[in-house]
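Visitor: Below is one structure. I have some questions about it.
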Amino acid sequence: MKYFIITGTSRGIGESIAEQLISPNHYLYCISRGKNADLVRKSKNIKYYEVDLNQFQQIESLMESIFNSIDFSKAVGIYLINNASIIAPVTFIDTAMISDITQNINVNLIAPILLTSLFIKNSNKYLIEKRILNISSASVKYHHPGMSLYSAAKAGLDVFSQCVGLEQNHSIAPVGVVSIWPGMIDTNLQREARNQDKSTFPSANLFQNVKDAGMLSTPEETAKQIIEFLFKTDFEHGTVVDIYDYSKVQQTYD
Ligand SMILES: NC(=O)c1ccc[n+]([C@@H]2O[C@H](COP(=O)([O-])OP(=O)(O)OC[C@H]3O[C@@H](n4cnc5c(N)ncnc54)[C@H](OP(=O)(O)O)[C@@H]3O)[C@@H](O)[C@H]2O)c1
(Lines give C-alpha, C1' and ligand atoms only; values in the text may rest on other atoms or scores of the structure.)
Protein backbone atom coordinates (compact mmCIF):
# COMPACT_ATOMS: atom_id res chain seq x y z
CA MET A 1 0.00 0.00 0.00
CA LYS A 2 1.15 3.56 -0.76
CA TYR A 3 -0.03 6.26 1.64
CA PHE A 4 -0.61 9.87 0.57
CA ILE A 5 -1.15 12.89 2.79
CA ILE A 6 -2.55 15.70 0.62
CA THR A 7 -3.58 19.18 1.75
CA GLY A 8 -6.08 21.39 -0.07
CA THR A 9 -8.25 18.62 -1.56
CA SER A 10 -11.61 20.40 -1.47
CA ARG A 11 -11.11 21.89 -4.98
CA GLY A 12 -8.59 22.84 -7.66
CA ILE A 13 -5.29 21.04 -8.15
CA GLY A 14 -5.47 19.19 -4.81
CA GLU A 15 -8.86 17.69 -5.63
CA SER A 16 -7.58 16.51 -9.03
CA ILE A 17 -4.42 15.02 -7.49
CA ALA A 18 -6.53 13.08 -4.97
CA GLU A 19 -8.97 11.91 -7.65
CA GLN A 20 -6.18 10.68 -9.90
CA LEU A 21 -4.44 8.87 -7.04
CA ILE A 22 -7.52 6.79 -6.18
CA SER A 23 -6.58 3.11 -6.47
CA PRO A 24 -7.04 -0.06 -4.40
CA ASN A 25 -3.28 0.12 -3.70
CA HIS A 26 -3.37 3.70 -2.43
CA TYR A 27 -4.67 5.14 0.84
CA LEU A 28 -5.35 8.89 0.91
CA TYR A 29 -5.41 11.29 3.86
CA CYS A 30 -7.11 14.44 2.57
CA ILE A 31 -7.01 17.73 4.43
CA SER A 32 -8.91 21.00 3.97
CA ARG A 33 -11.38 23.13 5.90
CA GLY A 34 -14.34 22.04 3.79
CA LYS A 35 -14.93 18.31 3.31
CA ASN A 36 -14.99 17.14 -0.31
CA ALA A 37 -17.92 14.72 -0.10
CA ASP A 38 -17.76 13.85 -3.83
CA LEU A 39 -14.18 12.73 -3.42
CA VAL A 40 -14.92 10.64 -0.33
CA ARG A 41 -17.76 8.92 -2.20
CA LYS A 42 -15.32 7.77 -4.89
CA SER A 43 -13.16 5.52 -2.69
CA LYS A 44 -13.15 3.49 0.54
CA ASN A 45 -9.46 4.31 0.87
CA ILE A 46 -9.87 7.97 1.85
CA LYS A 47 -9.85 9.49 5.30
CA TYR A 48 -10.88 13.13 5.28
CA TYR A 49 -9.68 15.63 7.87
CA GLU A 50 -11.56 18.93 8.00
CA VAL A 51 -8.72 20.96 9.45
CA ASP A 52 -7.93 24.67 9.20
CA LEU A 53 -4.17 24.82 8.63
CA ASN A 54 -4.20 28.40 9.91
CA GLN A 55 -4.82 26.81 13.33
CA PHE A 56 -1.34 25.36 13.31
CA GLN A 57 -1.63 24.14 16.91
CA GLN A 58 -3.81 21.32 15.51
CA ILE A 59 -1.18 20.04 13.09
CA GLU A 60 0.72 17.87 15.58
CA SER A 61 -2.40 15.93 16.63
CA LEU A 62 -3.48 15.68 12.98
CA MET A 63 -0.20 14.01 12.00
CA GLU A 64 -0.29 11.81 15.11
CA SER A 65 -3.74 10.57 14.09
CA ILE A 66 -2.59 9.94 10.50
CA PHE A 67 0.59 8.08 11.43
CA ASN A 68 -1.22 6.00 14.07
CA SER A 69 -3.56 4.70 11.38
CA ILE A 70 -0.85 3.73 8.86
CA ASP A 71 -0.09 0.02 8.70
CA PHE A 72 3.67 0.18 8.18
CA SER A 73 3.89 -3.60 7.75
CA LYS A 74 2.06 -3.10 4.42
CA ALA A 75 3.51 0.29 3.45
CA VAL A 76 5.76 0.49 0.39
CA GLY A 77 5.71 4.25 0.16
CA ILE A 78 4.51 7.34 1.98
CA TYR A 79 4.07 10.76 0.39
CA LEU A 80 3.18 14.26 1.59
CA ILE A 81 1.86 16.82 -0.90
CA ASN A 82 1.73 20.27 0.64
CA ASN A 83 -0.73 21.83 -1.79
CA ALA A 84 -3.15 23.97 0.31
CA SER A 85 -2.65 27.67 -0.18
CA ILE A 86 -4.31 31.07 -0.09
CA ILE A 87 -3.51 34.12 -2.18
CA ALA A 88 -5.31 36.61 0.10
CA PRO A 89 -4.71 39.28 1.14
CA VAL A 90 -4.05 40.64 -2.35
CA THR A 91 -3.21 44.18 -1.38
CA PHE A 92 -0.30 46.53 -0.80
CA ILE A 93 1.33 45.54 2.48
CA ASP A 94 0.57 48.81 4.29
CA THR A 95 -3.15 48.21 3.80
CA ALA A 96 -3.16 44.55 4.90
CA MET A 97 -4.75 43.53 8.20
CA ILE A 98 -2.41 41.88 10.70
CA SER A 99 -4.71 38.83 10.96
CA ASP A 100 -4.71 38.39 7.15
CA ILE A 101 -0.92 38.71 7.00
CA THR A 102 -0.40 36.00 9.62
CA GLN A 103 -3.03 33.75 8.03
CA ASN A 104 -1.26 33.92 4.67
CA ILE A 105 2.12 33.01 6.14
CA ASN A 106 0.59 30.34 8.40
CA VAL A 107 -1.18 28.49 5.59
CA ASN A 108 1.43 29.00 2.86
CA LEU A 109 4.62 28.53 4.86
CA ILE A 110 4.29 27.58 8.56
CA ALA A 111 1.82 24.72 7.96
CA PRO A 112 3.95 23.03 5.24
CA ILE A 113 7.03 23.44 7.46
CA LEU A 114 5.27 21.78 10.41
CA LEU A 115 3.81 19.01 8.25
CA THR A 116 7.25 18.34 6.74
CA SER A 117 8.92 18.24 10.15
CA LEU A 118 6.30 15.85 11.58
CA PHE A 119 6.30 13.70 8.43
CA ILE A 120 10.07 13.20 8.65
CA LYS A 121 9.99 12.66 12.44
CA ASN A 122 7.17 10.10 12.29
CA SER A 123 8.60 8.15 9.35
CA ASN A 124 12.27 8.27 10.42
CA LYS A 125 12.65 4.59 11.17
CA TYR A 126 11.01 3.24 8.01
CA LEU A 127 13.19 2.30 5.06
CA ILE A 128 10.48 2.73 2.44
CA GLU A 129 10.05 5.29 -0.34
CA LYS A 130 9.31 8.63 1.34
CA ARG A 131 8.72 11.80 -0.65
CA ILE A 132 7.46 15.32 -0.03
CA LEU A 133 6.23 17.65 -2.78
CA ASN A 134 5.79 21.25 -1.77
CA ILE A 135 3.55 23.00 -4.29
CA SER A 136 5.14 26.40 -4.76
CA SER A 137 4.71 29.01 -7.47
CA ALA A 138 6.54 30.98 -10.14
CA SER A 139 5.37 34.00 -8.12
CA VAL A 140 8.75 33.52 -6.43
CA LYS A 141 10.26 34.87 -9.68
CA TYR A 142 7.44 36.92 -11.25
CA HIS A 143 6.50 39.59 -8.73
CA HIS A 144 3.27 41.61 -8.59
CA PRO A 145 2.51 44.62 -6.40
CA GLY A 146 -0.12 43.35 -3.96
CA MET A 147 1.15 39.76 -3.84
CA SER A 148 4.16 40.23 -1.55
CA LEU A 149 2.95 37.75 1.07
CA TYR A 150 2.13 34.94 -1.35
CA SER A 151 5.46 35.40 -3.17
CA ALA A 152 7.46 35.67 0.06
CA ALA A 153 5.80 32.57 1.55
CA LYS A 154 6.45 30.53 -1.61
CA ALA A 155 10.07 31.76 -1.75
CA GLY A 156 10.42 30.63 1.86
CA LEU A 157 8.94 27.25 0.94
CA ASP A 158 11.48 26.84 -1.89
CA VAL A 159 14.46 27.64 0.35
CA PHE A 160 13.03 25.40 3.07
CA SER A 161 12.70 22.49 0.61
CA GLN A 162 16.29 22.91 -0.56
CA CYS A 163 17.69 23.11 2.99
CA VAL A 164 15.70 20.08 4.21
CA GLY A 165 16.89 18.29 1.08
CA LEU A 166 20.48 18.86 2.24
CA GLU A 167 19.61 17.63 5.73
CA GLN A 168 18.09 14.46 4.35
CA ASN A 169 21.36 13.64 2.58
CA HIS A 170 22.64 12.89 6.13
CA SER A 171 19.82 10.48 6.92
CA ILE A 172 20.02 6.69 6.69
CA ALA A 173 16.35 6.61 5.67
CA PRO A 174 16.11 9.86 3.68
CA VAL A 175 12.93 11.62 2.64
CA GLY A 176 13.03 13.14 -0.84
CA VAL A 177 11.91 16.77 -0.84
CA VAL A 178 11.09 18.89 -3.91
CA SER A 179 9.42 22.27 -4.38
CA ILE A 180 7.43 22.45 -7.59
CA TRP A 181 6.13 25.39 -9.65
CA PRO A 182 3.00 24.06 -11.36
CA GLY A 183 2.30 26.89 -13.83
CA MET A 184 -0.91 28.89 -14.24
CA ILE A 185 -4.02 26.84 -13.68
CA ASP A 186 -7.72 27.59 -14.01
CA THR A 187 -8.72 27.39 -10.33
CA ASN A 188 -10.31 29.49 -7.64
CA LEU A 189 -6.92 30.99 -6.80
CA GLN A 190 -6.53 32.39 -10.34
CA ARG A 191 -10.12 33.67 -10.30
CA GLU A 192 -9.39 35.52 -7.08
CA ALA A 193 -6.34 37.21 -8.65
CA ARG A 194 -8.10 38.40 -11.83
CA ASN A 195 -11.25 39.50 -9.94
CA GLN A 196 -9.37 41.94 -7.71
CA ASP A 197 -10.08 45.67 -7.93
CA LYS A 198 -7.64 47.00 -10.56
CA SER A 199 -7.08 50.18 -8.56
CA THR A 200 -5.65 48.22 -5.63
CA PHE A 201 -4.15 45.32 -7.62
CA PRO A 202 -2.69 46.64 -10.89
CA SER A 203 -1.83 43.12 -12.16
CA ALA A 204 -5.50 42.02 -12.20
CA ASN A 205 -5.59 42.80 -15.95
CA LEU A 206 -2.60 40.58 -16.57
CA PHE A 207 -4.31 37.63 -14.87
CA GLN A 208 -7.44 38.35 -16.94
CA ASN A 209 -5.36 38.45 -20.14
CA VAL A 210 -3.80 35.08 -19.35
CA LYS A 211 -7.27 33.60 -18.91
CA ASP A 212 -8.62 35.26 -22.07
CA ALA A 213 -5.64 34.09 -24.12
CA GLY A 214 -6.37 30.48 -23.11
CA MET A 215 -3.02 30.10 -21.38
CA LEU A 216 -4.32 28.47 -18.22
CA SER A 217 -3.83 24.75 -17.74
CA THR A 218 -6.63 22.65 -16.29
CA PRO A 219 -6.31 21.25 -12.74
CA GLU A 220 -6.55 17.74 -14.26
CA GLU A 221 -3.56 18.31 -16.61
CA THR A 222 -1.50 19.81 -13.81
CA ALA A 223 -2.38 17.04 -11.35
CA LYS A 224 -1.27 14.47 -13.94
CA GLN A 225 2.11 16.24 -14.32
CA ILE A 226 2.53 16.49 -10.54
CA ILE A 227 1.76 12.78 -10.01
CA GLU A 228 4.16 11.79 -12.80
CA PHE A 229 6.80 13.86 -11.05
CA LEU A 230 6.01 12.32 -7.65
CA PHE A 231 6.68 8.81 -8.96
CA LYS A 232 9.72 9.67 -11.10
CA THR A 233 12.74 7.40 -10.62
CA ASP A 234 14.99 10.47 -10.58
CA PHE A 235 13.03 12.59 -8.10
CA GLU A 236 15.42 15.64 -8.32
CA HIS A 237 15.58 15.64 -4.53
CA GLY A 238 16.47 18.97 -2.87
CA THR A 239 15.58 21.12 -5.89
CA VAL A 240 12.97 23.59 -7.08
CA VAL A 241 11.36 22.37 -10.29
CA ASP A 242 9.35 24.40 -12.80
CA ILE A 243 6.98 22.17 -14.79
CA TYR A 244 5.42 24.93 -16.92
CA ASP A 245 6.57 26.73 -20.05
CA TYR A 246 6.49 30.38 -18.95
CA SER A 247 7.60 31.74 -22.32
CA LYS A 248 3.91 31.63 -23.33
CA VAL A 249 2.93 33.86 -20.41
CA GLN A 250 5.88 36.19 -20.91
CA GLN A 251 4.40 37.20 -24.27
CA THR A 252 1.49 38.91 -22.49
CA TYR A 253 3.94 41.30 -20.80
CA ASP A 254 5.38 42.44 -24.16
N1 LIG B 1 -3.80 28.12 -9.77
C2 LIG B 1 -2.63 28.57 -10.16
O3 LIG B 1 -2.50 29.22 -11.22
C4 LIG B 1 -1.40 28.28 -9.33
C5 LIG B 1 -0.19 28.78 -9.79
C6 LIG B 1 0.95 28.51 -9.07
C7 LIG B 1 0.88 27.75 -7.92
N8 LIG B 1 -0.31 27.28 -7.49
C9 LIG B 1 -0.34 26.49 -6.26
O10 LIG B 1 -1.09 25.30 -6.44
C11 LIG B 1 -1.64 24.90 -5.19
C12 LIG B 1 -3.13 24.64 -5.33
O13 LIG B 1 -3.77 25.85 -5.69
P14 LIG B 1 -5.19 25.92 -6.45
O15 LIG B 1 -4.98 26.82 -7.58
O16 LIG B 1 -5.73 24.56 -6.66
O17 LIG B 1 -6.02 26.72 -5.34
P18 LIG B 1 -7.56 26.63 -4.89
O19 LIG B 1 -8.42 26.11 -5.97
O20 LIG B 1 -7.87 27.94 -4.29
O21 LIG B 1 -7.50 25.51 -3.73
C22 LIG B 1 -6.82 25.77 -2.54
C23 LIG B 1 -7.02 24.60 -1.58
O24 LIG B 1 -6.35 24.93 -0.35
C25 LIG B 1 -7.24 24.70 0.73
N26 LIG B 1 -7.00 25.64 1.83
C27 LIG B 1 -6.95 26.99 1.77
N28 LIG B 1 -6.83 27.49 3.01
C29 LIG B 1 -6.78 26.43 3.86
C30 LIG B 1 -6.68 26.32 5.27
N31 LIG B 1 -6.63 27.39 6.07
N32 LIG B 1 -6.67 25.09 5.83
C33 LIG B 1 -6.77 23.98 5.03
N34 LIG B 1 -6.86 24.03 3.70
C35 LIG B 1 -6.88 25.25 3.11
C36 LIG B 1 -8.64 24.94 0.14
O37 LIG B 1 -9.62 24.24 0.89
P38 LIG B 1 -10.66 24.93 1.92
O39 LIG B 1 -10.97 26.30 1.42
O40 LIG B 1 -11.82 23.99 1.91
O41 LIG B 1 -9.93 24.92 3.23
C42 LIG B 1 -8.49 24.34 -1.25
O43 LIG B 1 -8.76 22.96 -1.21
C44 LIG B 1 -1.33 26.03 -4.21
O45 LIG B 1 -0.19 25.69 -3.45
C46 LIG B 1 -1.00 27.21 -5.11
O47 LIG B 1 -0.15 28.14 -4.51
C48 LIG B 1 -1.47 27.53 -8.17
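Visitor: Over the Cα atoms of the chain, compute the convex hull volume and normalise it per residue, giving Å³.
Guide: Values: hull volume 30.9 nm³, N = 254.
Spread over its residues, the Cα hull of the chain gives 122 Å³ apiece.
Visitor: Further, regarding this structure: Could you run the Karplus curve 6.51 cos²θ - 1.76 cosθ + 1.60 with θ = phi - 60° over the stretch 48-63 and give me ³J(HN,Hα) per residue in whole Hz, x for Gly and Pro?
Guide: 9, 10, 8, 10, 8, 6, 5, 8, 5, 5, 7, 6, 5, 5, 4, 5
Visitor: Over the stretch 109-242, what percent of the accessible surface lies on carbon and sulfur atoms, probe 1.4 Å?
Guide: Working: 3240 of 5910 Å².
Heavy-atom surface of the stretch 109-242 belonging to carbon and sulfur, 1.4 Å probe: 55 percent.
Visitor: At 37 °C and 0.692 mPa s, grab the translational diffusion coefficient of the stretch 150-254 from Stokes-Einstein with a Kirkwood Rh over Cα pairs, rounded to a whole number in µm² per second. Numbers along the way, then the final one.
Guide: Working: Rh = 15.7 Å.
Rounded to a whole number, D works out at 210 µm²/s.
Visitor: Quick check on the chain: helices-only [θ] at 222 nm, where DSSP H runs of length 4 and up contribute -39,500 (n - 2.57) each and the sum goes over total residues. Nearest 500, please. All intermediate terms of the calculation are to be shown ahead of the outcome.
Guide: Details: 10 runs with 100 residues, N = 254.
After summing the helix terms and dividing by the residues of the chain, the value is -11500 deg cm²/dmol.
Visitor: Still on this model: Whose amide H sits under 5 Å from the amide H of Asp242, counting only residues 5 or more places off or on another chain, with H placed in the peptide plane?
Guide: For Asp242, whose amide H was placed from the backbone, the distant partners under 5 Å are Trp181.
Visitor: So who's got an amide H within less than 5 Å of the one on Ile185, skipping anything under 5 residues away but keeping other chains? H placed 1.01 Å off N, in plane.
Guide: Ser217
Visitor: How fast does the stretch 23-131 diffuse by Stokes-Einstein, in µm²/s, taking the Kirkwood radius from C-alpha pairs at 20 °C and 1.002 mPa s? All intermediate terms of the calculation are to be shown ahead of the outcome.
Guide: Working: Rh = 15.5 Å.
So the translational diffusion coefficient is about 138 µm²/s.
Visitor: Would you grab the residues whose amide H sits under 5 Å from the one on Ile86? Only those 5+ places off in sequence or on another chain, please, with H modelled 1.01 Å from N.
Guide: Asn108
Visitor: Can I ask one more? Sorting check: for 175-186, 62-73, which peptide has the highest mean count of neighbouring beta carbons within 10 Å, and how do the rest follow? Mind dumping the intermediate values first?
Guide: Numbers: 175-186: 22.2, 62-73: 14.1.
My ranking of the peptides, most packed first, is 175-186, 62-73.
Visitor: Go through the stretch 220-235 residue by residue and turn each phi into a ³J(HN,Hα) via Karplus (6.51, -1.76, 1.60, θ = phi - 60°); whole Hz please, and just put x for glycine and proline.
Guide: Whole-Hz 3J(HN,Hα) from phi for the stretch 220-235: 5, 4, 5, 4, 4, 4, 5, 5, 4, 5, 4, 9, 4, 4, 8, 7.
Visitor: Do any of Lys2/Lys125; Lys44/Lys224; Lys125/Lys232; Lys121/Lys224; Lys47/Lys74; Lys42/Lys232 go past 20 Å between their Cα atoms, and which? Could the numbers behind the result be given before it?
Guide: Numbers: Lys2/Lys125 17 Å; Lys44/Lys224 22 Å; Lys125/Lys232 23 Å; Lys121/Lys224 29 Å; Lys47/Lys74 17 Å; Lys42/Lys232 26 Å.
From the list (Lys2/Lys125; Lys44/Lys224; Lys125/Lys232; Lys121/Lys224; Lys47/Lys74; Lys42/Lys232), the Cα-Cα distance tops 20 Å for Lys44/Lys224; Lys125/Lys232; Lys121/Lys224; Lys42/Lys232.
Visitor: Taking θ = phi - 60°, what integer Hz values does the Karplus form 6.51 cos²θ - 1.76 cosθ + 1.60 yield along the stretch 163-172, in sequence order, with x for Gly and Pro?
Guide: 5, 5, x, 5, 4, 5, 5, 9, 9, 7
Visitor: Moving on to the next point. Pairs of alpha-carbon atoms within less than 8 angstrom and 6+ residues apart define the contacts here; what relative contact order does the chain have, in percent? All intermediate terms of the calculation are to be shown ahead of the outcome.
Guide: Numbers: 447 pairs, mean separation 49.4, N = 254.
The normalised contact order for the chain reaches 19 percent.
Visitor: For the chain, set up a GNM with springs between Cα atoms under 10 Å and report which of Pro89, Pro174, Pro202 has the largest fluctuation.
Guide: Pro202
Visitor: For Lys141, list the lysines whose Cα falls under 16 Å from its own Cα; do not include residues on the same chain fewer than 8 positions away.
Guide: Lys154, Lys248
Visitor: Quick one: of the DSSP bridges fully inside the stretch 2-253, what percent are antiparallel, nearest 5?
Guide: On the way: 0 of 32 bridges.
Taking every DSSP beta bridge with both residues in the stretch 2-253, the antiparallel ones total about 0 percent.
The values are calculated or read from the model by the stated rules, or taken from the named source; none is laboratory data. Every value quoted in this text rests on a predicted model; they were computed, and no experiment measured them. Backbone-built Cβ (ideal geometry, glycine too); neighbour counts: all protein chains shown. These area figures cover heavy atoms from the full protein model, side chains too; ligands, DNA and RNA do not enter into them. Shrake-Rupley method; radii C 1.70, N 1.55, O 1.52, S 1.80 Å.
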